[in-house]
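Bear in mind these aren't lab numbers, they're just calculated from the coordinates by the rules spelled out. Here the structure is a predicted model, which is why all the values come from computation and not from measurement. For neighbour counting, all protein chains shown are included, and Cβ atoms are generated from backbone atoms with ideal geometry for every residue, glycine included.
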């Protein structure tokens, strides 16, 4: 597949956004959006208000130590299950705070996917594109949301808060660099967001305008994906310099900083809340170290011990503020972990059954979909494929996963055409 | 192997001759095992909610081959009869802590959700004398004092607690100071000192009577902070004093291989009085695995058990040589999580990941009766 980002130029986006803006203004003038706008367009406008919060528990969260516990079985591990806020539903005792917000979530205990090349990378790509990686590259879901939902020119559409030492990924594929994740490695602001002291504001703006003129002249003669990328990078950098406070989590109240915790994932969740409040369309938080081939129980105890409270706190805050009504929350991992406990007290990769969690807008919460057998070795009810979940993530925010991207003149469906959304999860 | 510096005594154990003599089978991984030095039993904690007791007086049997027409390549290993094992119910999670009182009556066990159980009548029909939640989160190990008046527990809540054994949940002293999971605990043979050891390889020496911290011993060779994964790895997995308390060993692994692989197996031998590291004991060939269990043998050598998914091992060292003079590689790829020495000083019990306790004899002679191991 040819990567042609010129069909996704800034000009196209601006004109599309202007059109929608005009329509909104016009509709507001007559006072009733629904009466005067075509239903399909109204639905798209509705979708524009949506935001998405993605948690990636990187390495492969164990379903046994989280959302599908099997205590006192040969596979179950040493931890107990505890009741949740949903009567009859139990989680592992490692996530007591998440258990208290279970009614704001829907748990899918019957995820599966075929094994794909690339181990973690391949499986991760499958989860966030809904397509086997060998068929790609397809854009990850964050960039897709950035393209289809983001309507604020002054904000990055897609921000990824990562553990330290994570660099940018080429996750936008044919959507172009404008929609690639802006990576906040270690939750830190992008590098060099402070204007060099040698430039005052006026001089810096003059410099920026001069570069724009040069870019425009160049692009009128030779328009390539590279020039788009450079232009996009400069624009994004300018945005970031203007809004560097956006990334400063210390501006949140001390009380909130205490509530979320001083460890990295606590700060990252609070930063995610801040970014969503400021209007960023898609925020992804990655939490590491679930690849527990060795000492699975120790590592899950440690990692979920960090993750549980800030995640639940953020869910509660989003709910309290009303943001859950327009924010889709996804908690995903690339695969599950083996029922069999390995010799090093570990669990290996397992793509036959694992759990994901969704909540917020568009989702029927407070339930469990699918089931595994008594010791978690196989799915016994309602298998759900990763491709189906991709469709579901789209539908939940009012997007049509059967619609298409235009790539080099070809129509490419948003979601894998052979799959469809999980209706049981949708409102 | 390096040339052995160990010479067996005329009637003593001969590690070079170590051979598998019996299997005590279960269907869950075994985490801890202890010989009953008074009675003919072997107790174990496993990846289930029971304490298991095998009657070693029962003659092991050779199971008939699955296919009678095929002659096995190696002679089958005798197996303890199924009905020689009983299960003792009280725990609510895996049982990793197990320590027997010297009175032949009582036993203390701890589980992964913090429950401490002290049992009575261990040679008859064992019943919980008392049972309570001693820690928030897992109990990693328990230890009974030499006089049987105290039992110490350590766990994931970072606390070391010493309990009176004459009544339920009567705390003698709480010892705080570890800032991470505490993996192991042991009383010094004099009963006056207690040591606790943690994930970061720090050993704290406590005065049992006053609860004061006496000193710290640095065994952090068995710990690493993984820069790549930003996590702590390793810890002290096995720990034991020699009989007179002049030396202490810590078992674990050195180095940082991330979160998917262990470091290299090591046992650290320390002088108790000075707290000085005497020897860093290692296999002849580096093994990416953990040493989980360690025991001193009265004949002057040290036994370690361990392994990983690549295999399970017994190692034998003399205190004057860093390199093991002998190693037994298990047939099965299952680490030995614990090792205990039988009262006869010739038989070893190894708690294996694959759900089997294997008994090894450090002797070329074939014993007629397993029960001798318990006498």
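Before moving on, here are some points about what is shown:
- With Cα atoms as the point set, segment B:91-218 shows a radius of gyration and Dmax of 13.5, 43 Å.
- Relative contact order for chain A, counting Cα pairs under 8 Å that sit 6 or more residues apart, in percent: 28 percent
- Protection proxy ranking of A:296-309, A:78-91, B:67-80, B:238-251 - average other beta-carbon atoms within 10 Å, highest first: A:296-309, B:238-251, A:78-91, B:67-80
- Centroid-to-centroid, using Cα positions, segment A:175-192 and segment A:247-279 are 18 Å apart.
- Under conditions of 20 °C and 1.002 mPa s, chain B yields 104 µm² s⁻¹ as its translational diffusion coefficient, taking Rh as the Kirkwood radius over Cα pairs in the Stokes-Einstein equation.
- Rounded to two decimals, the Cα radius of gyration of segment A:290-419 over 2.2 N^0.38 Å is 1.27.
- Angle in degrees between helix A:264-277 and the longest Cα principal axis of chain A, rounded to the nearest 10: 50 degrees
- When only alpha carbons are used to place a centre, segment A:361-399 and segment B:98-125 end up 45 Å from one another.
- The Cα center of segment B:36-91 and the Cα center of segment B:159-183 differ in position by 34 Å.
- Percentage relative contact order, segment B:91-218, counting C-alpha pairs under 8 Å, at least six apart: 15 percent
- Partner chain coverage, peptide A:342-352 - average Cβ within 10 angstrom: 4
- Averaged over residues, the count of other Cβ atoms within 10 Å places the peptides A:251-260, B:42-51, B:202-211 in the sequence B:42-51, B:202-211, A:251-260, highest first.
- 10 Å Cβ neighbours from other chains, averaged over peptide B:85-96: 2
- Packing around the peptides B:169-182, A:381-394, taken as the average count of other Cβ atoms within 10 Å per residue, puts them in this order, highest first: A:381-394, B:169-182.
- Overall form of segment B:204-253 per C-alpha gyration tensor (a/c, 1.5; a/b vs b/c): oblate
- Averaged over B:254-263, number of beta-carbon atoms from partner chains that fall within 10 Å: 4
- Helix A:39-48 and the longest principal axis of the C-alpha atoms of chain A enclose an angle of approximately 80°.
- According to the Kirkwood relation over distinct C-alpha pairs, the hydrodynamic radius of the protein assembly as shown is 29.3 Å.
- Computed from Cα atoms alone, the Kirkwood hydrodynamic radius reported for segment A:201-331 is 18.0 Å.
- Panel values: segment B:184-334, Kirkwood radius from alpha carbon pairs, Stokes-Einstein at 4 °C and 1.567 mPa s, translational diffusion coefficient 83 µm²/s.
- Over the Cα atoms of chain A, the radius of gyration divided by the Kirkwood radius equals 0.98; this is the Rg/Rh ratio.
- With Cα atoms, 0 to 90° folded angle of helix A:119-129 axis to chain A main axis: 60 degrees
- Based on Cα contacts under 8 Å between residues 6+ apart, segment A:317-427 shows a relative contact order of 23 percent.
- Per-residue ellipticity at 222 nm, computed for the protein assembly as shown from helices alone with -39500 (n - 2.57) per DSSP H run of at least four residues, works out to -6000 deg cm²/dmol.
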